[in-house]
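Read through the structure below, which is laid out as structure tokens, and then see the notes.
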Amino acid sequence: MTSKFAKKLGQVITNIGVITKDQTNPFFKSNYADINQILPAIKKELHSAGITCMSLLQNNSLINVFIDQETGEVFPNINNDTIGLEIQSTKAQDRGSEITYYRRYSLCSSLLIEQSDDDANKASQGLPVMKEGTVEYKKAVEFLREGGNIKRVSASWNITKEIENKLKAAYV
């Protein structure tokens, strides 16, 4: 990356500032900034700096690419071996949700967007164990019936193979 492009991208990062988490995930009981709140904030700053950002799907993974509109320089340089965040879903609706989820997280990471973060605290405590028949179990079944992905459930819950099989059987 040229120093001129790095300076432009650095100014974008400085200007974006903090984005408020405006949505609540009812299943995981967590707050997040919706992609539709993030995109206008970053588009404005990127446009002002003369940079285009694209989220590309390549080799079944998502990659954010930044393009200097003045010079055509691309960051990062991508080729056929470039790997981003791997998309694992096979159903169209699940895949779309996963892409949106990854776009949100990768854009926030790439542009150092500030948000309050409780993920580290949750991770240090370990995941709670999901038990059959609980409110959380019933919510997981409903989430899966509505097209949710079992991997998203297991990201917030410690799920035994037995419970995973029961969850899968409950929503098929």
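Which residues, taken from region 109-142, are assigned to a loop (DSSP other than H, G, I, E, B) and modelled with pLDDT of 60 or more? If the condition is that a residue be assigned to a loop (DSSP other than H, G, I, E, B) and modelled with pLDDT of 60 or more, then L111, L112, I113, Q115, G126, L127, P128, M130, K131, E132, G133, T134 are the ones that fit. A search for C-beta distances below 8 Å between a residue of region 46-61 that is under 17 Å from G10 (Cα atoms) and any residue that is surrounded by fewer than 15 Cβ atoms within 10 Å (Cβ to Cβ) and of a type in the set (D, E), counting only pairs 6+ apart in sequence or on different chains, returns G50/E70. Just the residues that are of a type in the set (A, V, I, L, M), modelled with pLDDT under 90 and more than 14 Å from the chain's Cα centre (by Cα), please, taken from region 5-36. The answer is I13, I16, V18, I19.
The values are calculated or read from the model by the stated rules, or taken from the named source; none is laboratory data. Because the structure is a prediction, the values reported are computed rather than measured. Here the Cβ is made from the backbone with ideal geometry for all residues, glycine too, and neighbour counts use every protein chain on show.
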